[in-house]
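For reference, the structure is listed below as structure tokens.
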């Protein structure tokens, strides 16, 4: 059965089928956990095989299949933006070693440090970090006991009811119009404020274990990074 009568029509028809194949391929890939690129190619071949039935012009169909493969070749397998920091960090280190042709083994101390982190937010963009921290506030129980590595600005605050200072790592989105603070406890919490803490507004790197807690006499649920390691990246002369 002849569906188009010109080369231009063949190109347009092939493009339409390629889009359909790409959509179906990605859908099947998500549902069946198959490689995205390969699944799309299989769907394109299946769609064009259906169009081969009863064809009168084999050359036209051959052109359409070639156009399909060229168009589907533009699709690349995507990578997950959010994954556990230990796995992603190891993959990045391994790729770097292979690209440089370095056959030496990776330092055990580096691998040991990466094992301590479940979610490395320093590998994400600012919008993704902001969204992830917001998710921690909305669904904290899911992340209880997980270790996080996060970079932001230091911000202390004094809470009158408890007569205590609380310390936060402040994260902003890409447009710097929205901000979200994540409380942290530096190591065992015995560090003296303000003598041992950085200035307000300093860029800090925090690595700690996520937990939820309640203050005495308060039914509200709070969350923080406990036993955190803090590194001052850059200190601003801001108070």
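Brief remarks on what is shown
- Failed item in (1) over 18 Å from residue 226 (Cβ atoms); (2) at pLDDT 90 or above, with residue 178 passing the rest: (2)
- One residue from 185, 133 being crowded, with 17+ Cβ neighbours inside 10 Å and either assigned to a loop (DSSP other than H, G, I, E, B) or within 18 Å of the chain's Cα centre (by Cα) (or both): 133
- Looking only at residues of the range 153-182 that are assigned to a loop (DSSP other than H, G, I, E, B) and in contact with a helix residue (DSSP H, G or I) (Cβ under 6 Å, 6 or more places away or on another chain), we find that the one that is surrounded by the most Cβ atoms within 10 Å (Cβ to Cβ) is 173.
- Scope the range 189-213; condition part of a loop (DSSP other than H, G, I, E, B) and at negative phi; matching residues: 190, 191, 192, 193, 194, 195, 196, 197, 198, 199, 200, 202
- So residue 207, is it surrounded by 14 or more Cβ atoms within 10 Å (Cβ to Cβ), touching a residue at least 60 places away in the same chain (Cβ under 8 Å) and within 22 Å of the chain's Cα centre (by Cα): yes
- Qualifying residue in the range 137-148 (condition: crowded, with 20+ Cβ neighbours inside 10 Å and either over 16 Å from residue 212 (Cβ atoms) or over 18 Å from the mean Cα position of the chain (by Cα) (or both)): no
The values are calculated or read from the model by the stated rules, or taken from the named source; none is laboratory data. In this text, all values refer to a predicted model and were calculated from it rather than measured experimentally. Every residue, glycine as well, gets a Cβ built from its backbone with ideal geometry; the counts of neighbours run over all protein chains shown.
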